[in-house]
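Participant: Take this structure first; my questions come after.
The values are calculated or read from the model by the stated rules, or taken from the named source; none is laboratory data. Predicted, not measured: the structure shown is a model, and the values here were computed from it. Note that each Cβ is placed from the backbone with ideal geometry, even for glycine, and that neighbours are counted across all protein chains shown.
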Amino acid sequence: MGLSKPASSSLETNPAAPDAPVYQDGFVDRVFIWLFSRKMSRALGQSTNLQGYDGFVDLSKKIMQGRNAQEQQALVAIVLKSLVPSPVLWLIRTVFSPTRLVCELNAWFAARLFEWLVGPCEVTAVEVPGQTSQRTQRSGVHIERCRYLEQSRCVGMCINMCKLPTQDFFTQEFGIPLTMTPNFEDFSCEMVFGQPPPPLETEDAYHQPCLAQQCDLATPKASVCPRVR
């Protein structure tokens, strides 16, 4: 975990609101935030007046405005693909099959490279489907309290801007199956490399109502978050 690394995000307790973490982004974190925000701004054709992570989340909200779930996911897919050259994606899909080692390496890198985005996380042992039976491997990533969900407080943003595009990017572009399961009660999330993502309609997230008292975009009377449908 990167809490003790000066070049990585550190997390403190906000004395005014003990339940709300306060992140201190290091140099590397700020570089990642700037890079992703720049790519998002270009794909969107708009900028933001906010700085740092606040600007990153604000751009995410701008992507949601006036777009349905599929259009939001498609725009995020453009952003993700712009981060990795097409020849590199082709090479990874062609050369690296989703073996135990490949999945475990992806989890290891994800737990270190994604802290700026999701906050503290750690590699965990999980069960994934093998050729003949389930197998146990350290290709899971437990996100303690997702920074992105914590700040956005939006079910639709979590699903359309993070979960589904990230699953599709790794599964389709890298050829490495990935399933992400957010928990909207404690804001944790489980990533499992090597686990093919199930249809969204079969997951709890599809039936999740808005965080009515927390989300600025919420539809309080809706039985499920309308931005996911």
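Participant: Being within 15 Å of Val102 (Cα to Cα) and polar (S, T, N, Q) is the filter here; which residues of the range 125-139 pass it?
Facilitator: The answer is Thr136, Gln137, Ser139.
Participant: Sticking with this one: Count, please, the residues in the range 56-94 that happen to be surrounded by fewer than 18 Cβ atoms within 10 Å (Cβ to Cβ), of a type in the set (Ser, Thr, Tyr) and under 17 Å from the mean Cα position of the chain (by Cα).
Facilitator: 1
Participant: Then there's this: Pairs, please: C-beta under 6 Å, at least 6 apart or cross-chain, first residue over 16 Å from Arg153 (Cβ atoms) and of a type in the set (Val, Ile, Thr) and in the range 203-229, second surrounded by 15 or more Cβ atoms within 10 Å (Cβ to Cβ) and modelled with pLDDT of 90 or more?
Facilitator: Val224/Pro209
Participant: If I ask for residues that are buried (at least 23 other Cβ atoms within 10 Å of the Cβ) and free of Cβ contacts under 8 Å to residues at least 60 places away in the same chain, which ones from the range 147-171 would you list?
Facilitator: Correct list: Leu149, Cys158, Lys163.
Participant: For the range 46-80, give me each residue that is in a helix (DSSP H, G or I) and more than 14 Å from Met161 (Cα to Cα).
Facilitator: Once the filter is applied, which keeps residues that are in a helix (DSSP H, G or I) and more than 14 Å from Met161 (Cα to Cα), the range 46-80 yields Gly52, Tyr53, Asp54, Gly55.
Participant: Can you tell which of Pro6, Pro21 is on the phi < 0 side of the Ramachandran plot, at pLDDT below 90, touching a Leu at 6+ places or on another chain (Cβ under 6 Å) and not in a helix (DSSP H, G or I)? Write out each step before concluding.
Facilitator: Numbers: Pro6 fails: touching a Leu at 6+ places or on another chain (Cβ under 6 Å).
Residue meeting the stated conditions: Pro21.
Participant: Out of all the residues in the range 213-221, is one or more more than 20 Å from Gln70 (Cβ to Cβ), part of a helix (DSSP H, G or I) and among the basic types (Lys, Arg)?
Facilitator: Looking through the range 213-221, none of the residues is more than 20 Å from Gln70 (Cβ to Cβ), part of a helix (DSSP H, G or I) and among the basic types (Lys, Arg).
Participant: OK, next. Which of the residues spanning the range 184-210 are among the aliphatic types (A, V, I, L, M) and more than 19 Å from Thr124 (Cβ to Cβ)?
Facilitator: The first filter runs over the range 184-210 and keeps only residues among the aliphatic types (A, V, I, L, M), leaving 191-192, 200, 205.
Answer for the range 184-210, where residues must be among the aliphatic types (A, V, I, L, M) and more than 19 Å from Thr124 (Cβ to Cβ): Leu200, Ala205.
Yes or no, residue by residue, for (1) farther than 19 Å from Gln72 by Cα; (2) buried (at least 22 other Cβ atoms within 10 Å of the Cβ); (3) in contact with a His (Cβ under 6 Å, 6 or more places away or on another chain); (4) not hydroxyl-bearing (Ser, Thr, Tyr):
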site	(1), (2), (3), (4)
Val126	yes, yes, no, yes
Gln134	yes, no, no, yes
Glu173	no, no, no, yes
Asn183	yes, no, no, yes
Cys189	yes, yes, no, yes
Asp204	yes, no, no, yes
Gln208	no, no, no, yes
Ala218	no, no, no, yes
Ser223	yes, no, no, no
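Participant: Let me ask something else. In the range 86-105, what count of residues is obtained for those that are aromatic (Phe, Trp, Tyr) and either part of a loop (DSSP other than H, G, I, E, B) or touching a Cys at 6+ places or on another chain (Cβ under 6 Å) (or both)?
Facilitator: Applying the first criterion (aromatic (Phe, Trp, Tyr)) to the range 86-105 yields 90, 96.
From what's left, either part of a loop (DSSP other than H, G, I, E, B) or touching a Cys at 6+ places or on another chain (Cβ under 6 Å) (or both): 96.
The qualifying residues number 1.
Participant: Among the candidates Phe96, Phe109, which residue alone is out of contact with any helix residue (DSSP H, G or I) (no Cβ under 6 Å at 6 or more places or on another chain) and either of a type in the set (Phe, Trp, Tyr) or free of Cβ contacts under 8 Å to residues at least 24 places away in the same chain (or both)?
Facilitator: Numbers: Phe96 fails: out of contact with any helix residue (DSSP H, G or I) (no Cβ under 6 Å at 6 or more places or on another chain).
It is Phe109.
Participant: Output the qualifying pairs, or none if there are none: Cβ atoms under 8 angstrom, residues six or more apart or on different chains, first residue in the range 49-67 and farther than 19 Å from Ala77 by Cβ, second residue basic (Lys, Arg) and surrounded by 13 or more Cβ atoms within 10 Å (Cβ to Cβ).
Facilitator: Gly52/Arg30; Tyr53/Arg147
Participant: Here's another thing I want to ask about it. In this structure, does Arg135 turn out to be out of contact with any Phe, Trp or Tyr (no Cβ under 6 Å at 6 or more places or on another chain) and within 23 Å of Phe56 (Cβ to Cβ)?
Facilitator: Numbers: out of contact with any Phe, Trp or Tyr (no Cβ under 6 Å at 6 or more places or on another chain): yes; within 23 Å of Phe56 (Cβ to Cβ): no.
Taking the combined requirement at face value, the residue does not satisfy it.
Participant: OK, next. Kindly establish whether Trp116 is modelled with pLDDT of 95 or more, over 13 Å from Val192 (Cα atoms) and either in contact with a Ser or Thr (Cβ under 6 Å, 6 or more places away or on another chain) or not basic (Lys, Arg) (or both). Steps first, please.
Facilitator: Values: modelled with pLDDT of 95 or more: yes; over 13 Å from Val192 (Cα atoms): yes; either in contact with a Ser or Thr (Cβ under 6 Å, 6 or more places away or on another chain) or not basic (Lys, Arg) (or both): yes.
Yes, satisfied.
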